[in-house]
Amino acid sequence: MVVTADAMHTQVDTAEWIVGRGGHYLLTPLGNQKTLHRTLKALPWKNVPSTSWVDTGHERRVRRTVKAIEIPTWVDFPGSAPYP
């Protein structure tokens, strides 16, 4: 199971609940998790390949970009161990 959620749900309790039930997550840390956000922002994102696409709907056009890297072992958040 993979759970996706916005920044409001990027909480330690939420991540622990998901991981504790054998799940995985894709969460969006922003200002609500200042230390985690600062830590992740400092990673070398310029060197990471990305993929982009354009969504249209609700009378607007939005470009979405995704980058993914293996999380460093020193990031302290439930379930953030490197992918085996």
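All of the numbers you see were taken from the coordinates with simple rules; none came from a lab. Keep in mind that this is a model prediction, so the values were computed, not measured. Note: ideal-geometry Cβ built from the backbone for every residue, glycine included; neighbour counts use all protein chains shown.
Contact annotation: residue pairs with Cβ atoms under 6 Å, 6 or more positions apart or on different chains, pairing a residue in the range 31-57 that is surrounded by 10 or more Cβ atoms within 10 Å (Cβ to Cβ) with a partner that is of a type in the set (Gly, Ala, Ser) and outside any strand (DSSP E or B), are ASN32/ALA7.
Screening the range 1-30 for residues that are of a type in the set (S, T, N, Q) and closer than 13 Å to PHE77 by Cα and picking the one that is surrounded by the most Cβ atoms within 10 Å (Cβ to Cβ) gives THR10.
Does SER80 satisfy the criteria of being surrounded by fewer than 10 Cβ atoms within 10 Å (Cβ to Cβ), on the phi < 0 side of the Ramachandran plot and hydroxyl-bearing (Ser, Thr, Tyr)? Answer is no for this residue. What do you reckon, is VAL62 assigned to a strand (DSSP E or B), in contact with a Lys or Arg (Cβ under 7 Å, 6 or more places away or on another chain) and either surrounded by 13 or more Cβ atoms within 10 Å (Cβ to Cβ) or not hydroxyl-bearing (Ser, Thr, Tyr) (or both)? No.
Restricting to the range 36-72, what's the tally of residues that are among the β-branched types (Val, Ile, Thr) and closer than 19 Å to GLN11 by Cα? Of the residues in the range 36-72, 2 are among the β-branched types (Val, Ile, Thr) and closer than 19 Å to GLN11 by Cα. Filtered by the rule that a residue be more than 13 Å from the chain's Cα centre (by Cα), closer than 20 Å to ALA68 by Cα and either free of Cβ contacts under 8 Å to residues at least 60 places away in the same chain or not in a helix (DSSP H, G or I) (or both), the range 10-30 gives a lone residue, GLY23.
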